[in-house]
Amino acid sequence: MGLKSLANKAKGKRPIVEEEDSDFAPPLTKRGRPHAKKKSKLSVEEQMVEEISSKKASVAAEVRTEVWDYKFSPSDYYRSKCVCTSLFSVIDNIKKILSVNLLSMFRETQFGHFLDMPEFVFHPQVVHSLLLREVFQPNPKEFWAKVAGRFIRFSVEEFYLITGIDCFSDCNKLLFLQESNQLVEICFRGVKTIDHKAIEDAFLGSRWGLGESLGLKMVVLYFIQCFLLSNTHDKEVSRFDLDVVDSGRWDKYCWGRESFELTIDSFKRRIQLLGFMP
(Lines give C-alpha, C1' and ligand atoms only; values in the text may rest on other atoms or scores of the structure.)
Protein backbone atom coordinates (compact mmCIF):
# COMPACT_ATOMS: atom_id res chain seq x y z
CA MET A 1 0.00 0.00 0.00
CA GLY A 2 1.35 3.44 -0.96
CA LEU A 3 2.18 6.21 1.45
CA LYS A 4 -0.72 8.37 0.21
CA SER A 5 -3.28 5.72 1.06
CA LEU A 6 -1.69 5.35 4.49
CA ALA A 7 -2.09 9.07 5.00
CA ASN A 8 -5.80 8.87 4.08
CA LYS A 9 -6.42 6.12 6.64
CA ALA A 10 -4.65 7.95 9.46
CA LYS A 11 -8.02 9.52 10.55
CA GLY A 12 -6.55 12.91 11.40
CA LYS A 13 -3.28 11.60 12.73
CA ARG A 14 -0.10 13.21 11.42
CA PRO A 15 1.44 10.94 8.75
CA ILE A 16 5.02 9.82 9.15
CA VAL A 17 7.06 11.29 6.33
CA GLU A 18 10.60 10.26 5.66
CA GLU A 19 13.27 12.95 5.45
CA GLU A 20 14.09 14.32 2.02
CA ASP A 21 10.64 13.08 0.82
CA SER A 22 9.21 15.65 -1.58
CA ASP A 23 5.45 15.17 -2.15
CA PHE A 24 5.81 11.57 -0.97
CA ALA A 25 7.94 10.71 -4.01
CA PRO A 26 10.73 8.15 -3.58
CA PRO A 27 13.96 9.84 -2.56
CA LEU A 28 16.50 10.26 -5.31
CA THR A 29 19.76 8.43 -5.18
CA LYS A 30 22.98 10.35 -4.71
CA ARG A 31 23.69 10.29 -8.46
CA GLY A 32 20.17 11.19 -9.42
CA ARG A 33 19.83 14.25 -7.26
CA PRO A 34 19.76 17.57 -9.09
CA HIS A 35 22.82 19.78 -8.90
CA ALA A 36 20.82 22.83 -7.76
CA LYS A 37 21.31 23.33 -4.04
CA LYS A 38 18.16 23.67 -1.99
CA LYS A 39 18.00 25.17 1.48
CA SER A 40 17.55 22.52 4.10
CA LYS A 41 14.68 22.65 6.52
CA LEU A 42 17.16 23.48 9.30
CA SER A 43 18.65 26.47 7.47
CA VAL A 44 15.19 27.83 6.69
CA GLU A 45 14.19 27.55 10.35
CA GLU A 46 17.41 29.26 11.44
CA GLN A 47 16.75 32.13 9.03
CA MET A 48 13.21 32.50 10.37
CA VAL A 49 14.50 32.59 13.94
CA GLU A 50 17.04 35.29 13.02
CA GLU A 51 14.37 37.39 11.31
CA ILE A 52 12.03 37.06 14.29
CA SER A 53 14.83 37.95 16.71
CA SER A 54 15.80 41.02 14.69
CA LYS A 55 12.16 42.12 14.54
CA LYS A 56 11.85 41.73 18.29
CA ALA A 57 15.03 43.74 18.81
CA SER A 58 13.81 46.55 16.55
CA VAL A 59 10.43 46.56 18.31
CA ALA A 60 12.18 46.73 21.69
CA ALA A 61 14.27 49.65 20.47
CA GLU A 62 11.16 51.45 19.22
CA VAL A 63 9.41 50.88 22.54
CA ARG A 64 12.34 52.50 24.38
CA THR A 65 12.40 55.67 22.30
CA GLU A 66 9.45 57.39 23.97
CA VAL A 67 10.18 60.53 25.97
CA TRP A 68 11.00 59.74 29.63
CA ASP A 69 11.55 56.05 28.87
CA TYR A 70 14.82 54.47 29.93
CA LYS A 71 17.43 54.45 27.18
CA PHE A 72 18.70 51.11 28.43
CA SER A 73 16.74 48.24 29.87
CA PRO A 74 18.13 46.45 32.95
CA SER A 75 19.26 43.61 30.67
CA ASP A 76 21.58 46.11 28.91
CA TYR A 77 23.36 47.08 32.13
CA TYR A 78 27.02 46.24 32.25
CA ARG A 79 29.83 46.54 34.72
CA SER A 80 32.79 48.68 33.89
CA LYS A 81 36.03 49.76 35.47
CA CYS A 82 35.60 53.51 35.85
CA VAL A 83 38.68 55.71 35.66
CA CYS A 84 38.83 59.32 36.82
CA THR A 85 41.23 61.55 34.86
CA SER A 86 40.68 64.72 36.88
CA LEU A 87 43.65 66.04 38.85
CA PHE A 88 42.30 66.68 42.35
CA SER A 89 45.78 67.55 43.64
CA VAL A 90 45.60 70.90 41.79
CA ILE A 91 44.15 72.84 44.74
CA ASP A 92 46.76 71.47 47.14
CA ASN A 93 49.56 72.36 44.70
CA ILE A 94 48.28 75.91 44.41
CA LYS A 95 48.24 76.32 48.21
CA LYS A 96 51.75 74.89 48.58
CA ILE A 97 53.55 76.74 45.77
CA LEU A 98 52.04 80.23 45.71
CA SER A 99 53.30 82.98 47.94
CA VAL A 100 50.92 84.61 50.38
CA ASN A 101 50.50 87.60 48.08
CA LEU A 102 49.92 85.50 44.95
CA LEU A 103 47.47 83.30 46.82
CA SER A 104 45.55 86.40 47.87
CA MET A 105 45.50 87.64 44.26
CA PHE A 106 44.17 84.30 43.03
CA ARG A 107 41.46 84.37 45.68
CA GLU A 108 40.13 87.59 44.14
CA THR A 109 39.42 85.86 40.80
CA GLN A 110 36.16 84.05 40.03
CA PHE A 111 37.95 80.80 40.93
CA GLY A 112 39.13 81.91 44.38
CA HIS A 113 36.38 80.16 46.32
CA PHE A 114 37.77 76.78 45.23
CA LEU A 115 40.61 77.33 47.71
CA ASP A 116 38.05 76.74 50.47
CA MET A 117 36.65 73.59 48.88
CA PRO A 118 36.61 70.72 51.41
CA GLU A 119 38.25 67.44 50.56
CA PHE A 120 35.97 64.91 48.91
CA VAL A 121 36.13 61.47 47.31
CA PHE A 122 34.85 61.10 43.78
CA HIS A 123 32.92 57.86 43.06
CA PRO A 124 32.94 57.18 39.29
CA GLN A 125 30.81 54.05 39.75
CA VAL A 126 27.94 56.25 40.96
CA VAL A 127 28.17 58.34 37.78
CA HIS A 128 28.33 55.13 35.73
CA SER A 129 25.12 53.86 37.39
CA LEU A 130 23.37 57.16 36.66
CA LEU A 131 24.41 57.03 33.00
CA LEU A 132 22.78 53.60 32.67
CA ARG A 133 19.54 55.06 34.04
CA GLU A 134 19.35 57.93 31.55
CA VAL A 135 15.95 58.61 29.98
CA PHE A 136 14.94 60.05 26.62
CA GLN A 137 14.16 63.76 26.73
CA PRO A 138 14.18 66.57 24.13
CA ASN A 139 17.02 68.79 25.42
CA PRO A 140 20.49 67.55 24.31
CA LYS A 141 22.20 69.94 26.75
CA GLU A 142 20.59 68.35 29.80
CA PHE A 143 21.03 65.00 31.46
CA TRP A 144 18.00 63.27 32.99
CA ALA A 145 17.94 59.98 34.85
CA LYS A 146 15.22 57.99 36.56
CA VAL A 147 16.21 56.68 39.97
CA ALA A 148 13.84 54.88 42.35
CA GLY A 149 10.86 56.06 40.30
CA ARG A 150 11.85 59.74 40.37
CA PHE A 151 13.39 61.93 37.66
CA ILE A 152 16.54 63.90 38.40
CA ARG A 153 18.08 66.58 36.19
CA PHE A 154 21.61 67.82 35.63
CA SER A 155 21.65 71.05 33.61
CA VAL A 156 23.69 74.24 33.44
CA GLU A 157 21.61 75.64 36.32
CA GLU A 158 22.63 72.79 38.62
CA PHE A 159 26.23 73.11 37.43
CA TYR A 160 26.24 76.81 38.32
CA LEU A 161 24.80 76.12 41.78
CA ILE A 162 27.47 73.49 42.43
CA THR A 163 30.53 75.32 41.08
CA GLY A 164 29.65 79.00 41.47
CA ILE A 165 31.40 79.76 38.16
CA ASP A 166 29.90 82.07 35.54
CA CYS A 167 27.86 80.00 33.08
CA PHE A 168 25.86 82.72 31.34
CA SER A 169 28.32 85.30 29.93
CA ASP A 170 29.95 85.59 26.50
CA CYS A 171 31.81 82.51 25.24
CA ASN A 172 33.48 84.08 22.19
CA LYS A 173 37.25 83.53 22.46
CA LEU A 174 37.87 85.52 19.29
CA LEU A 175 37.44 88.66 21.39
CA PHE A 176 40.66 87.82 23.25
CA LEU A 177 43.05 87.18 20.32
CA GLN A 178 46.58 88.60 20.68
CA GLU A 179 49.52 88.95 18.32
CA SER A 180 52.01 87.94 21.02
CA ASN A 181 51.61 85.89 24.19
CA GLN A 182 53.78 86.51 27.23
CA LEU A 183 52.85 83.19 28.84
CA VAL A 184 54.02 81.23 25.81
CA GLU A 185 57.20 83.26 25.32
CA ILE A 186 58.41 83.04 28.93
CA CYS A 187 56.79 80.09 30.71
CA PHE A 188 56.79 77.71 27.72
CA ARG A 189 59.96 78.74 25.92
CA GLY A 190 61.22 75.78 23.87
CA VAL A 191 58.04 73.72 24.48
CA LYS A 192 56.69 72.40 21.17
CA THR A 193 53.32 71.15 22.40
CA ILE A 194 51.57 72.90 25.28
CA ASP A 195 49.39 70.23 26.86
CA HIS A 196 48.17 69.63 30.39
CA LYS A 197 51.41 67.92 31.39
CA ALA A 198 53.48 70.86 30.09
CA ILE A 199 51.30 73.31 32.03
CA GLU A 200 51.63 71.28 35.22
CA ASP A 201 55.42 71.13 34.83
CA ALA A 202 55.61 74.90 34.24
CA PHE A 203 53.52 75.64 37.32
CA LEU A 204 55.30 73.22 39.64
CA GLY A 205 58.61 74.64 38.39
CA SER A 206 57.52 78.25 39.08
CA ARG A 207 58.71 79.35 35.66
CA TRP A 208 57.19 82.81 36.00
CA GLY A 209 60.13 83.95 38.09
CA LEU A 210 59.57 86.94 40.38
CA GLY A 211 56.81 88.57 38.32
CA GLU A 212 53.57 88.34 40.27
CA SER A 213 51.49 89.46 37.30
CA LEU A 214 52.85 86.59 35.20
CA GLY A 215 52.60 84.26 38.17
CA LEU A 216 48.89 85.02 38.51
CA LYS A 217 48.36 84.22 34.83
CA MET A 218 50.22 80.95 35.29
CA VAL A 219 48.16 79.82 38.26
CA VAL A 220 44.90 80.75 36.49
CA LEU A 221 45.98 78.76 33.42
CA TYR A 222 46.97 75.81 35.62
CA PHE A 223 43.64 75.83 37.46
CA ILE A 224 41.53 76.15 34.30
CA GLN A 225 43.30 73.52 32.23
CA CYS A 226 44.29 70.96 34.85
CA PHE A 227 41.20 71.18 37.09
CA LEU A 228 38.25 72.92 35.49
CA LEU A 229 38.68 71.53 31.95
CA SER A 230 40.87 68.58 32.86
CA ASN A 231 40.74 65.41 30.78
CA THR A 232 44.05 63.74 30.00
CA HIS A 233 47.68 64.77 30.32
CA ASP A 234 48.22 64.79 26.57
CA LYS A 235 45.30 67.07 25.69
CA GLU A 236 46.76 69.98 23.73
CA VAL A 237 45.70 73.45 24.82
CA SER A 238 44.51 75.80 22.10
CA ARG A 239 46.10 79.19 21.45
CA PHE A 240 42.66 80.72 22.07
CA ASP A 241 42.72 79.54 25.70
CA LEU A 242 46.26 80.83 26.15
CA ASP A 243 45.28 84.24 24.77
CA VAL A 244 42.23 84.52 27.05
CA VAL A 245 44.43 83.99 30.11
CA ASP A 246 47.37 86.08 28.91
CA SER A 247 45.05 89.01 28.18
CA GLY A 248 44.32 89.26 31.91
CA ARG A 249 40.59 89.31 31.19
CA TRP A 250 39.88 85.67 32.12
CA ASP A 251 37.04 86.74 34.43
CA LYS A 252 35.20 88.09 31.35
CA TYR A 253 35.01 84.69 29.70
CA CYS A 254 32.31 82.10 30.46
CA TRP A 255 34.45 79.19 31.68
CA GLY A 256 31.53 77.61 33.50
CA ARG A 257 29.53 77.13 30.30
CA GLU A 258 32.50 75.51 28.55
CA SER A 259 33.18 73.20 31.48
CA PHE A 260 29.53 72.17 31.67
CA GLU A 261 29.26 71.42 27.95
CA LEU A 262 32.43 69.33 28.08
CA THR A 263 30.90 67.38 30.98
CA ILE A 264 27.61 66.71 29.16
CA ASP A 265 29.39 65.74 25.93
CA SER A 266 31.57 63.37 27.90
CA PHE A 267 28.49 61.72 29.41
CA LYS A 268 26.93 61.15 25.98
CA ARG A 269 30.16 60.04 24.33
CA ARG A 270 31.03 57.43 26.96
CA ILE A 271 27.84 55.50 26.30
CA GLN A 272 27.90 55.96 22.52
CA LEU A 273 31.44 54.55 22.26
CA LEU A 274 30.20 51.29 23.74
CA GLY A 275 27.47 50.96 21.11
CA PHE A 276 24.52 51.08 23.48
CA MET A 277 22.83 54.10 21.97
CA PRO A 278 19.62 53.21 20.05
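The values are calculated or read from the model by the stated rules, or taken from the named source; none is laboratory data. Because the structure is a prediction, the values reported are computed rather than measured. Cβ sites come from the backbone with ideal geometry, for glycine too, and all protein chains shown count toward neighbours. These area figures cover heavy atoms from the full protein model, side chains too; ligands, DNA and RNA do not enter into them. Shrake-Rupley method; radii C 1.70, N 1.55, O 1.52, S 1.80 Å.
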Just to be sure I understand the model, the point goes 7 Å from the Cα along the line to the Cβ. What's the resulting Leu161 to Glu185 distance in nm?
4.7 nm
Contour minus end-to-end for Val67 and Ser266, with contour as 0.36 nm per residue of separation and end-to-end as the Cα-Cα distance?
69.5 nm
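Taking a threshold of 20 Å on the Cα-Cα distance, which of the pairs Lys197/Lys235; Lys192/Lys252; Lys173/Lys252; Lys96/Lys192; Lys217/Lys252; Lys96/Lys217 fall above it? Before the final figure, lay out the partial values.
Numbers: Lys197/Lys235 8 Å; Lys192/Lys252 28 Å; Lys173/Lys252 10 Å; Lys96/Lys192 28 Å; Lys217/Lys252 14 Å; Lys96/Lys217 17 Å.
Where the Cα-Cα span goes over 20 Å, the pairs concerned are Lys192/Lys252; Lys96/Lys192.
Could you compute the FRET efficiency for Ile91 and Glu142, with r as their C-beta to C-beta distance and R0 at 41 Å, rounded to 0.05?
Here the calculated transfer efficiency is 0.90.
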Label Gln178 and Phe240 with points 7 Å out from Cα along Cα→Cβ: what is the distance between them in nm?
1.8 nm
What does the extension gain come out to for Gln110 and Arg150, with contour length at 0.36 nm per residue minus their alpha carbon separation?
11.0 nm
Hey, with R₀ at 41 Å, roughly what FRET efficiency would Asp251 and Lys192 work out to, going by the Cβ-Cβ distance, to 0.05?
0.85
Which value, in Å² rounded to 10, gives the accessible area of Asp170 with a 1.4 Å probe and all protein chains present?
80 Å²
Would you mind checking the radius of gyration and Dmax of the stretch 167-222 based on alpha-carbon positions, in Å?
12.6, 37
Rounded to two decimals, what is the ratio between the C-alpha radius of gyration of the stretch 200-266 and 2.2 N^0.38 Å?
1.14
For Lys71, solvent-accessible area (1.4 Å; no DNA, RNA or ligand), Å²:
20 Å²
Quote to one decimal, in nm, the extra length available between Ser169 and Leu103 on full extension: 0.36 nm per residue of separation minus the C-alpha distance between them.
21.2 nm
Quick one: Debye curve from the C-alpha atoms of the stretch 157-278, no solvent, what's log10 I(q)/I(0) at q = 0.13 Å⁻¹?
-0.57
